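Undergrad: I am attaching a structure below and will ask some questions about it afterwards.
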Amino acid sequence: MNFHEVRFPANLSFGSVGGPERRTDIVTLVNGYEERNTPWAHSRRRYDAGVGMRSLDDVETLIAFFEARQGQMYGFRWKDWSDYKSSLASVEVKFDDQVIASGDGVESRFPLIKTYRSGQFSYARPIAKPVLGSVRVGIDQDEMKEGVDYTVDPATGLVSFVTPPTEGSVIRAGFEFDVPVRFDTDRIQTSVASFRAGDVPNVPVVEVRV
C-alpha cells in the first residue's frame, strides 16, 4: 500500500475539525417501520487540516507536506487530538488500559485494539498505527518488558511475544496511536490576502484502511 510512515505536524492538526463517520443503509417499510443495515464493520474518520493553519509559515509547511505526499497518492499518520490514547486524554497510559486478547498457549502475535463502551454495548477498534515507544503490554496483572518479552511493529500494530501467552491468560496493553489517513483532494487553494483576513484553506483528510 502507498503509505509513508510520517506524521502530519501535530501542532497543525491541533484544533482541526473532524471525527468518525458511519454508513447506514435505511429502508422505510410500507408500515412505517425501518430496516437498518451497515456495510462497514468499522467507522471511518474525516478531518479538515486547514483549520489548524495559524500563519503563513503554517501554510508553507502544509504545502510542503502535501507535495511530499503527492496529493492523494501516499497516506500518512494523523494525530487525532480528541482520541489518541488507550486511556482518557487526561490520564497517563498504563499497561492494563485495554484487554486485547486471551492467550491460548499457541498464538504469539496479537493486534492492538481499543474498545469503546456505552452501557452494555461496545465496539472494538483495530489500532494499526501505534506511536513508537508508547506501547506498554502486560499479561494478567504483570507488565512485560519490551525487547525482552515482546516486540511491537509500529507499522501494523502487531504485538509479538517471545513465548506464547499461556491458555486463559489475559493480554493487556496501553498505547498512544495515530490514524492512517490521506489527503482527500489533489488541490490546495490558498490566498495570502484572505488568509491574513482570517480565512483558511479547506484541506480534507480521510482515514484509509491498512
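The values are calculated or read from the model by the stated rules, or taken from the named source; none is laboratory data. What you are looking at is a predicted structure, and each value in this text was computed from that prediction instead of being measured. Please note: Cβ atoms are built from the backbone with ideal geometry, for glycine as well, and neighbour counts cover all protein chains shown. What goes into the accessible areas is simple: the full protein's heavy atoms, side chains included, and nothing from ligands, DNA or RNA. Shrake-Rupley method; radii C 1.70, N 1.55, O 1.52, S 1.80 Å.
Undergrad: Taking the stretch 131-146 as the search range and keeping residues that are assigned to a loop (DSSP other than H, G, I, E, B) and within 20 Å of Gly103 (Cβ to Cβ), which one is least open to solvent (accessible area, probe 1.4 Å)? Full working, then the answer.
TA: The first filter runs over the stretch 131-146 and keeps only residues assigned to a loop (DSSP other than H, G, I, E, B), leaving 131-135, 140-141, 144-145.
Of the ones still in play, those that are also within 20 Å of Gly103 (Cβ to Cβ) are 135, 140-141, 144-145.
Values: Val135: 10, Asp140: 64, Gln141: 128, Met144: 47, Lys145: 130 Å².
That would be Val135.
Undergrad: Select, from Thr185, Thr166, the only residue that is in contact (Cβ under 8 Å) with a residue 12 or more places away in the chain and more than 22 Å from the chain's Cα centre (by Cα). Reasoning before the result, please.
TA: Numbers: Thr185 fails: more than 22 Å from the chain's Cα centre (by Cα).
Going through Thr185, Thr166 in turn, just one is in contact (Cβ under 8 Å) with a residue 12 or more places away in the chain and more than 22 Å from the chain's Cα centre (by Cα): Thr166.
Undergrad: Further, regarding this structure: For the stretch 137-180, which residues satisfy the criterion of being closer than 14 Å to Ser108 by Cα and polar (S, T, N, Q)?
TA: Residues satisfying the conditions are Thr151, Ser160, Thr163, Thr166, Ser169.
Undergrad: At least 1 residues that are open to solvent by less than 40 Å² (accessible area, probe 1.4 Å) and farther than 17 Å from Arg182 by Cα in each: list the strands (runs of 3 or more DSSP E) lying fully within the stretch 27-125 that qualify. If you could, list the steps in order and put the result at the bottom.
TA: Numbers: elements: 34-37, 44-48, 75-78, 98-102, 109-118.
Passing ranges, in order: 98-102, 109-118.
Undergrad: Give Ala101, Ala64, Ala49 a once-over and let me know the one that is more than 29 Å from Gly138 (Cα to Cα), in contact (Cβ under 8 Å) with a residue 24 or more places away in the chain and of a type in the set (Gly, Ala, Ser). Lay out the reasoning, then the answer.
TA: Values: Ala101 fails: more than 29 Å from Gly138 (Cα to Cα); Ala64 fails: in contact (Cβ under 8 Å) with a residue 24 or more places away in the chain.
Going through Ala101, Ala64, Ala49 in turn, the sole match is Ala49.
Undergrad: Take the residues in the stretch 154-195 that are in contact with a helix residue (DSSP H, G or I) (Cβ under 8 Å, 6 or more places away or on another chain) and modelled with pLDDT under 95, then tell me which one is nearest to Glu143 (Cα to Cα). Talk me through it step by step, then tell me what you get.
TA: Here is the first cut: in the stretch 154-195, the ones in contact with a helix residue (DSSP H, G or I) (Cβ under 8 Å, 6 or more places away or on another chain) are 183, 188, 190, 192, 195.
Now restrict to residues that are modelled with pLDDT under 95: 188, 190, 192, 195.
Details: Ile188: 46, Thr190: 49, Val192: 52, Phe195: 50 Å.
Within the stretch 154-195, the match that is nearest to Glu143 (Cα to Cα) is Ile188.
Undergrad: Take the stretch 3-41 and flag every residue that is of a type in the set (Val, Ile, Thr) and in contact with a strand residue (DSSP E or B) (Cβ under 8 Å, 6 or more places away or on another chain).
TA: Result: Val6, Val17, Thr24, Ile26, Val27, Thr28, Thr38.
Undergrad: Moving to a separate point now. Are any residues in the stretch 1-26 exposed (fewer than 10 other Cβ atoms within 10 Å of the Cβ) and either aromatic (Phe, Trp, Tyr) or in contact (Cβ under 8 Å) with a residue 40 or more places away in the chain (or both), and if so, which ones?
TA: Residue satisfying the conditions is Met1 alone.
Undergrad: Moving on. Do we find a residue being more than 13 Å from the chain's Cα centre (by Cα) and over 25 Å from Gly19 (Cβ atoms) anywhere in the stretch 109-122?
TA: Yes.
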